Amino acid sequence: MCSVPSVPSGATIEVAVDRGRVDAGDASEEIREMELELKDGDPDPMYRLAAVLHTNVPMTLGAESKADRGWRLRTGRPREAVKHVAVKLPKDVTAGDAFRRIVDSVLAHLMANQPAAAAGDAEGVHQMRIAIRRLRAALMLFRPQLEPHAEARFTEALRDLGRIFGEARDWDVFCTEMLESAEEHGVATSWLDLLRAPAAAEGRAAHARVASEMQRPALTAIVLGLAEWGAPEGITTHTSLVDLTPQLVGRLEHKVLRRGHHITHCTNDELHALRKALKKLRYSVEFLAPLYRHKQVKAYLHRCKALLKQLGILNDAVVAVALADRLGGERRAELAPAVAALAAWAADSQDNARRHIQESWHAFTSAPLPQ
């Protein structure tokens with residue numbers, strides 16, 4: 001018997017324990033859950049209570065209502081994946097309040113897609129991966145204002161989680177986009193058909209790892225930890241975000257410009273690093289868009305996305321060959337000609353993307369940051 005943990009004060013929280021079953025036709029699912037509802041006061045004590053409970057009895061967060069569960073059991077379809085909703089920031093927002101609003105918004109996007117991702121829906125996995133990237137971008141944006149030890153822990157945990165979702169997404173793109181694109185550009189269907197079945201099997205295994213990860217304590221710990229840490233003592237809460245924005249975004253832009261300085265001579269790995277830095281810059285500008293002039297934001301993001309598109313095409317071609325090389329097991333020699341045909345197409349795709357990357361880079365660097 002473990003001792004009863006101390007419970008934070010400062011709010012009235014209703015705790016309800018549900019045990020039962022959802023029946024939908026011939027299908028059923030057991031319910032064993034605890035709900036925390038804030039009745040009065042600040043939400044921080046509620047998040048802290050949830051973290052205390054999770055530390056003593058590891059649990060998983062659930063984003064499905066009982067009605068959603070019934071619908072899934074009856075139809076076999078989870079709630080559809082959803083895209084993020086732009087965060088609203090008033091012009092006079094402080095850095096601390098902005099950080100909390102951004103984190104809360106991205107966490108809501110993350111958990112809204114949990115049911116679809118857990119059911120193996122490719123778009124649900126994609127949206128959760130985007131949310132993970134956005135959380136990392138928020139931490140990177142506010143890094144100079146954050147307590148470094150906690151920030152480093154959250155960043156590392158999100159990086160590990162992102163790898164699992166990223167692998168499933170890579171196989172989805174390989175099966176549904178890369179093989180189709182290769183076929184459209186002349187690679188023989190007979191070669192590609194040899195790759196489809198083993199690639200689909202790898203994709204199913206990657207999605208199974210995603211579903212398993214969502215039942216582990218790590219995701220719950222990240223969500224609860226970030227929700228509780230939304231307005232940490234390490235951030236200057238009284239400072240106007242408008243005053244900090246040039247410094248915060250300028251750091252990210254400088255990193256992008258440094259990584260793409262000699263873009264014509266960059267290796268694939270260096271261009272991949274540029275793409276990751278550029279994504280963080282893009283997400284950060286989107287976070288802070290309410291503080292800028294709308295036309296400037298629109299023009300800047302247009303050029304940013306155009307460059308990201310070409311960098312993405314290059315990266316997809318590189319990843320396609322790497323994934324194809326993993327296929328076959330004992331049949332690796334049998335699949336070698338098919339992999340070679342795919343690699344030849346991927347090399348042409350990379351060369352074409354590199355030409356467009358140079359054009360998109362010059363257009364991007366000619367666009368000043370929004371003000």
| Conditions (1) in contact (Cβ under 8 Å) with a residue 12 or more places away in the chain; (2) loosely packed, with under 14 Cβ neighbours inside 10 Å; (3) in a helix (DSSP H, G or I): number failed by residue 193 | (1)
| Among the residues of region 59-114, how many are among the aromatic types (Phe, Trp, Tyr) and under 24 Å from residue 210 (Cβ atoms)? | 1
| query | Are any residues in region 237-262 farther than 16 Å from residue 371 by Cβ and either in a helix (DSSP H, G or I) or in contact (Cβ under 8 Å) with a residue 12 or more places away in the chain (or both), and if so, which ones? | reply | 237, 238, 239, 251, 254, 255, 256, 257, 258, 259, 260
| remark: Counting only residues in region 324-341 that are aliphatic (A, V, I, L, M) and within 28 Å of the chain's Cα centre (by Cα), the one surrounded by the most Cβ atoms within 10 Å (Cβ to Cβ) is identified as 324
| said: For the list (1) touching a residue at least 24 places away in the same chain (Cβ under 8 Å); (2) under 16 Å from the mean Cα position of the chain (by Cα); (3) surrounded by fewer than 20 Cβ atoms within 10 Å (Cβ to Cβ), I need the number of the one condition that residue 155 fails. | reply: (1)
| query | Any idea which of 153, 143, 129 is modelled with pLDDT of 90 or more and closer than 17 Å to residue 253 by Cα? | reply | 143
| query | Hey, any hits in region 186-200 for a residue that's in the same structural domain as residue 326 (by TED's automatic domain parsing), within 26 Å of residue 327 (Cα to Cα) and touching an Asp or Glu at 6+ places or on another chain (Cβ under 7 Å)? | reply | yes
| request: Would you mention how many residues in region 55-102 are over 20 Å from residue 217 (Cα atoms), in contact (Cβ under 8 Å) with a residue 24 or more places away in the chain and part of a helix (DSSP H, G or I)? | output: 15
| task | Select, from 354, 303, 326, the only residue that is under 20 Å from residue 177 (Cα atoms), in the same structural domain as residue 137 (by TED's automatic domain parsing), among the basic types (Lys, Arg) and touching a Ser or Thr at 6+ places or on another chain (Cβ under 9 Å). | result | 354
| remark: Note: among 19, 32, 79, just one is basic (Lys, Arg) and in contact with an Asp or Glu (Cβ under 7 Å, 6 or more places away or on another chain), namely 79
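The values are calculated or read from the model by the stated rules, or taken from the named source; none is laboratory data. Quantities reported herein were computed from a predicted structural model and do not represent experimental measurements. Note: ideal-geometry Cβ built from the backbone for every residue, glycine included; neighbour counts use all protein chains shown.
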